[in-house]
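The next block holds one structure in the form of structure tokens; read it before the comments.
The values are calculated or read from the model by the stated rules, or taken from the named source; none is laboratory data. Everything quoted here is computed from the prediction, not taken from an experiment. Positions of Cβ are backbone-derived with ideal geometry, glycine not excepted, and every protein chain shown enters the neighbour counts. What goes into the accessible areas is simple: the full protein's heavy atoms, side chains included, and nothing from ligands, DNA or RNA. Shrake-Rupley method; radii C 1.70, N 1.55, O 1.52, S 1.80 Å.
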Amino acid sequence: MDAKKPGLRHNQISEEIIEQVERQLAKPPSLWLNLTGAKILENEGQDTKDIVLPNNRSQVTHIAVDIGGSLAKLLYYVRDTSSPSSSSSEISDEVSDRGGRLSFVKFETSKIDECLQFMKQLIQDHARESRRKPITVMATGGGAYKFYDRMSKELDVEVSREDEMECLIVGLNYFVSCIPQEVFVLNTETYEMAFQETRHDSKYPHMLVNIGSGVSILKVTGPSQFERIGGSSLGGGTLWGLLSLLTQASSFDEMLELSKKGDNAAVDMLVGDIYGKNVGYERFGMKDSMIASSFGKVFRENKKSDEFLPEDIARSLLLAVSNNIGQIAYLHAQKHNVKNIYFGGSFIRNHVQTMHTLTYAIKFWSNQTMNAYFLRHEGYLGVFGAFLKYAISESNVPVPPIS
């Protein structure tokens with residue numbers, strides 16, 4: 001028996017509680033981003049999280065893109081010509097009395113053509129008035145190198161490649177330090193979320209666990225001091241790939257929705273399956289609902305693969321990957337004497353079960369001495385950092401110093 005993986009029977013969670021948390025994440029409250037009066041659009045979907053800058057008077061002549069192994073994330077500034085809910089997609093370098101907003105959008109990297117076409121349209125809209133300055137593209141992620149020649153040729157603008165890790169840290173620093181109600185924790189007992197106050201010391205040292213296709217773990221000791229201390233090949237790409245083989249789900253979001261309906265106990269071997277119901281191994285804090293072996297029942301049940309429900313498989317695999325990441329994160333934090341761990345990356349998607357599993361793992365293994373933090377814009381740290389790096393270097397967009 002391998003009982004080293006914490007886990008819970010998530011089907012026992014009240015759907016009402018989960019839906020309440022998801023509604024909170026889908027409609028974030030007002031926040032401040034660099035300029036007074038900034039807020040996340042209340043009427044936008046959870047996936048976009050556009051940020052309104054009603055008092056911005058700066059010239060913005062750049063867009064940013066973070067191209068990873070699975071997803072490409074794009075960030076651009078839109079001048080507001082009417083109201084915060086304006087649907088205009090026209091980038092502006094003019095001073096506007098109405099301000100504007102930062103718009104976030106993502107594409108599957110396998111469909112990079114769609115991303116480049118979207119960027120091309122933004123650039124064409126920007127160039128309609130010849131007096132405007134040319135657009136600069138701030139690119140980060142592995143795709144900034146893989147697709148560099150293609151971007152330069154097809155977009156016909158300057159493309160600046162920025163270090164992926166540096167962009168992640170810049171983005172994290174500003175989200176943590178400057179944006180109220182961006183960072184939150186999840187209570188493993190009640191499933192309630194609690195927002196954290198902004199801290200200009202960012203609780204140094206802390207650790208960033210960025211979960212994309214794979215996992216990168218960074219130790220951050222200051223605003224620009226960090227090192228990559230580890231990682232894992234078992235990340236979002238692993239879940240996406242295996243569920244593509246085992247289920248009919250065609251997108252990552254479909255897979256997450258599928259997992260919500262499943263019962264991992266139909267696939268996983270639990271401590272209770274070994275010790276008996278309501279027994280567990282309390283001496284070591286192991287409840288009978290804890291996972292002893294992921295997918296452990298598949299062989300024992302002697303069933304054919306099509307006899308297992310796809311939603312149960314999705315739930316089991318999501319927990320297996322999340323538990324593994326949580327334990328690896330704890331081990332690195334213990335080794336480097338770090339108490340505060342920020343989880344980022346598009347794997348999370350503000351998905352309640354994923355956040356609960358990561359939090360539970362950190363709390364379980366650290367004996368409640370470490371903290372797991374999440375962000376509303378968890379998948380956009382890199383692209384936000386790239387956007388700000390241009391602002392900092394060109395002084396086109398005033399950004400507050402982090403001290």
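The accessible area of Lys261, taken with all protein chains in place and a 1.4 Å probe, comes to roughly 150 Å². In terms of distances greater than 24 angstrom between alpha carbons, the cross-link table entries Lys133/Lys389; Lys287/Lys335; Lys203/Lys287 yield Lys287/Lys335; Lys203/Lys287. For the residues Val298, Val137, a 1.4 Å probe over the protein chains yields an accessible-area ranking, largest first, of Val298, Val137. Over all other residues within a Cβ to Cβ distance under 12 Å of Lys261, the charged ones net out to -4, with Lys and Arg as +1 and Asp and Glu as -1. With a 1.4 Å probe rolled over the protein heavy atoms of all chains, the accessible area of Trp240, Trp365 falls in the order Trp365, Trp240, largest first. Accessible area per residue for the range 195-316 is 51 Å², calculated with a 1.4 Å probe on protein heavy atoms, without ligands, DNA or RNA.
When the Cα gyration tensor is reduced to axis lengths a ≥ b ≥ c, the ratio a/c is 1.5 or higher for the range 244-344, and with a/b not above b/c it is classed as oblate.
Pairs Lys73/Lys120; Lys111/Lys146; Lys261/Lys303; Lys73/Lys146: which are spaced more than 18 Å apart, C-alpha to C-alpha? Going by Cα-Cα distance, Lys261/Lys303 fall outside the 18 Å limit. Mean projection of the Cα convex hull over all viewing directions, computed for the range 301-352: 5.3 nm². By a 1.4 Å probe calculation restricted to protein chains, Ser110 has an accessible surface near 100 Å², given to the nearest 10.
Going by accessible surface with a 1.4 Å probe and the largest first, Ile328, Ile135 read Ile328, Ile135.
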